[in-house]
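Comments concern the structure below.
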Amino acid sequence: MGLLRLLVLAMLASKPGVTGGAEAVGNASEGLLEFSVGKFRYFELNRPFPEDAILRHISSNVSFLIFQIHSQYQNTTISFSKTLLPNTSGTGTDKGLVFILRPEQSMCTLYLQTLDAEPVQNMAIPLSYSERDPIPGGCNLEFDLDIDPNIYLEYNFFETTIKFAPANLGYARGTNPPPCDIGMERDSRWRLLYDVYQYFLPENDLTEEGLLKHLQRMAEVPQVKANAIKVVTLTANDKTTVSFSSLRGQGVIYNVVVRDPFLNTSAAYVPAHTYACSFAAVEGNCSSLGRVSTKVFFTLFALLGLFICFFGHRFWKTELFFIGFIFMGLFFYILITRLTLIKYDVRLILTAVAGSVGGIFLVAAWWRFGILLLCMLCVGLVLGFLVSSVMFFAFLGNLKIFHDDGVFWVTFSCIAVLIPVVFMGCLRILNILTCGLIGSYSVVLAFDSYLYTSLSHITLNVLKRALNMDFHRAFTNVPFQTNDFIILAVWGMLAVSGITLQIRRERGQPFFPPHPYKLWKRERERRVTNILDPSYHIPPLRERLYGRIAQIKELFQKEQPAGERTPLLL
């Protein structure tokens, strides 16, 4: 029977399609789960069948092991014993335990189970480390496990925060661990450094197979360094908490590599992943992120923006409405979001109403007063807002100096104001550039409401910072993959086409239309003095309104019978 079992395991291990070092694919309800050091294994857990797991043939030069288990969104429990205790077990989608080995120990056992009603597909791997390697979570004082190698992840709409326990220096089997908080000399854990890494899954990939495959690239130190982006390095004196901008619907894997610069050794924590959304939610889950109200709003906004991109300068009043809509809508949305708890759909409707009022107000101000510099200041500030957002999105956002809100907003405002100042001598060029760039970017925002794209975070990061007081500490890295290159190309083509078309069309034309109120007033005086003008004989507006009202009243009056109506003479 034992020979038959070995043959089955050998066949599973040789099964094609398992990437990396995957050892086997099987169902946990079939019997005892066996693992090998450094080998990934896929298996399925069922609620009625908690399973024993065993790890054999541990080398004598291994000082400690980290056994980690992963699933997409269903929780799994991993424990040292069958009796679940807070300090000997962990439950979650990415969990691990540290086994401190005794002298001569060559085998470890642990227990796996799930409380989910549905079967859970898992992937697990045991990793070995020597006595020279630092122990992740070895100086844990915050979480339940005595030695906790896990990364604890929390997210909301604005930011995703990871926390982890400090590490300790490694030590040989059978010896006492180094003290954690006695002295800060070179031979203590205070010399350790923590590199925080971030890895993006392919955009719009919510599959379980994709996640488990990419988690293999974030489990061991060499793969983490080769595949992930190092975001920040923390010292032992820093707080072991790092925040990132939340990317709803985008899979992200985080891991921490603790380094001992004195011994030139390192070890990896248990990687943690998130999509910044819930797979189990009834409304707004990961599979249906875009709300209907968002899609309607940004589709209509993109249609208007597309018109402005190609015809904005010619239809000057329509462009002013568009600019006023952006100005008032943005400020109003920030205001009601920070001061009220109104639902998102209601906020979006109120923002559309307020933006329309702002657009009408700017058009009316131009019609009545005709102050070109005031209108062009609004136009230039909108373009400056986009340019400043691009600067922080591409170059400046993650610099430590700009984690201070005061420095950030002063710099952001200076860049935004600089744009209208630079173009003050060529207002028509400024206006056409604004039409092309802002109008085409509205199409990018519409794309994002249907299909995720990182380009929407150009302005979304600024909006998050204005709405959330804690967003200043977040790193704003985003993936830039195939979808983003395509949408960036579309944005560039629309902007260049719109700008080129308007520049060619406006050659030889007046820079801007004349003052509308003066034209109206001159035309009215001409009509009054010129009796040959047919419009001279048109009754005043008040008389025309009274005439219309009289016609409407006649529709509701009873028709009089025909015949003589002269009263009889007495």
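The values are calculated or read from the model by the stated rules, or taken from the named source; none is laboratory data. All of these numbers come straight from a predicted model, not from anything done at the bench. As a convention, Cβ positions derive from the backbone with ideal geometry for all residues, glycine included, and neighbour counts pool all protein chains shown. Calculation scope for accessible area: heavy atoms of the full protein, side chains included, ligands and nucleic acids excluded. Shrake-Rupley method; radii C 1.70, N 1.55, O 1.52, S 1.80 Å.
Points worth noting:
- Qualifying residue in the stretch 337-351 (condition: surrounded by 21 or more Cβ atoms within 10 Å (Cβ to Cβ), of a type outside the set (Lys, Arg), on the phi < 0 side of the Ramachandran plot and not assigned by the TED database to the domain that holds PHE158): yes
- Check on PHE43, out of contact with any Lys or Arg (no Cβ under 8 Å at 6 or more places or on another chain) and either under 28 Å from PRO177 (Cα atoms) or surrounded by fewer than 17 Cβ atoms within 10 Å (Cβ to Cβ) (or both): no
- Evaluation of LYS295 against (1) farther than 27 Å from GLY498 by Cβ; (2) open to solvent by 50 Å² or more (accessible area, probe 1.4 Å) (one fails), failing number: (1)
- Against the list (1) over 30 Å from SER293 (Cα atoms); (2) free of Cβ contacts under 8 Å to residues at least 60 places away in the same chain; (3) part of a helix (DSSP H, G or I), the condition VAL346 fails is (1).
- Flag if ARG473 is assigned by the TED database to the domain that holds PHE311, open to solvent by 30 Å² or more (accessible area, probe 1.4 Å) and over 25 Å from PHE321 (Cβ atoms): yes
- Flag for VAL257 being in a strand (DSSP E or B), open to solvent by 30 Å² or more (accessible area, probe 1.4 Å) and of a type in the set (Val, Ile, Thr): no
- Whichever residue in the stretch 365-379 is part of a helix (DSSP H, G or I) and aliphatic (A, V, I, L, M) and, among such residues, is surrounded by the fewest Cβ atoms within 10 Å (Cβ to Cβ): LEU373
- Taking first residues from the stretch 146-173 that are surrounded by fewer than 22 Cβ atoms within 10 Å (Cβ to Cβ) and partners that are of a type in the set (D, E, K, R), the Cβ contacts under 6 Å between residues at least 6 apart in sequence or on separate chains come to TYR152/LYS163; PHE158/LYS464; THR161/GLU154; GLY170/GLU131; GLY170/ARG132; GLY170/ASP133; TYR171/GLU131; ALA172/GLU131.
- Of all positions in the stretch 453-476, none carries a residue that is at pLDDT below 95, farther than 21 Å from SER243 by Cβ and small (Gly, Ala, Ser).
- Subset of the stretch 465-511 [among the hydroxyl-bearing types (Ser, Thr, Tyr) and touching a residue at least 40 places away in the same chain (Cβ under 8 Å)]: THR476, THR482, SER497
- Tally, over the stretch 224-242, of residues that are buried (at least 20 other Cβ atoms within 10 Å of the Cβ) and assigned to a strand (DSSP E or B): 1
- Scanning the stretch 138-148 turns up no residue that is out of contact with any helix residue (DSSP H, G or I) (no Cβ under 8 Å at 6 or more places or on another chain), over 30 Å from THR337 (Cα atoms) and outside any loop (DSSP other than H, G, I, E, B).
- Screening GLY290 on (1) closer than 30 Å to ARG259 by Cα; (2) part of a loop (DSSP other than H, G, I, E, B) shows it passes everything except condition (1).
- Of all residues in the stretch 511-551, those satisfying the criterion of being at pLDDT 75 or above and either farther than 26 Å from ALA364 by Cα or of a type in the set (A, V, I, L, M) (or both) are LEU519, LEU545, TYR546, GLY547, ARG548, ILE549, ALA550, GLN551.
- When residues of the stretch 158-215 are limited to those that are over 21 Å from VAL478 (Cβ atoms) and of a type in the set (S, T, N, Q), the one modelled with the lowest pLDDT: SER188
- Residue within the stretch 431-452 that is at negative phi, in the same structural domain as MET493 (by the TED database) and not in a helix (DSSP H, G or I) present: yes
- Residue list for the stretch 118-130, filter: touching a Phe, Trp or Tyr at 6+ places or on another chain (Cβ under 6 Å) and either open to solvent by less than 20 Å² (accessible area, probe 1.4 Å) or modelled with pLDDT under 95 (or both): ASN122, MET123, ILE125, PRO126
- Taking (1) basic (Lys, Arg); (2) within 30 Å of SER63 (Cβ to Cβ); (3) touching a residue at least 24 places away in the same chain (Cβ under 8 Å) in turn, ARG248 satisfies each apart from (2).
- Filter result (small (Gly, Ala, Ser) and either assigned to a loop (DSSP other than H, G, I, E, B) or in contact with a strand residue (DSSP E or B) (Cβ under 6 Å, 6 or more places away or on another chain) (or both)) within the stretch 456-513: ALA474, GLY508
- Residue within the stretch 262-279 that is open to solvent by 60 Å² or more (accessible area, probe 1.4 Å), at pLDDT below 90 and small (Gly, Ala, Ser) present: no
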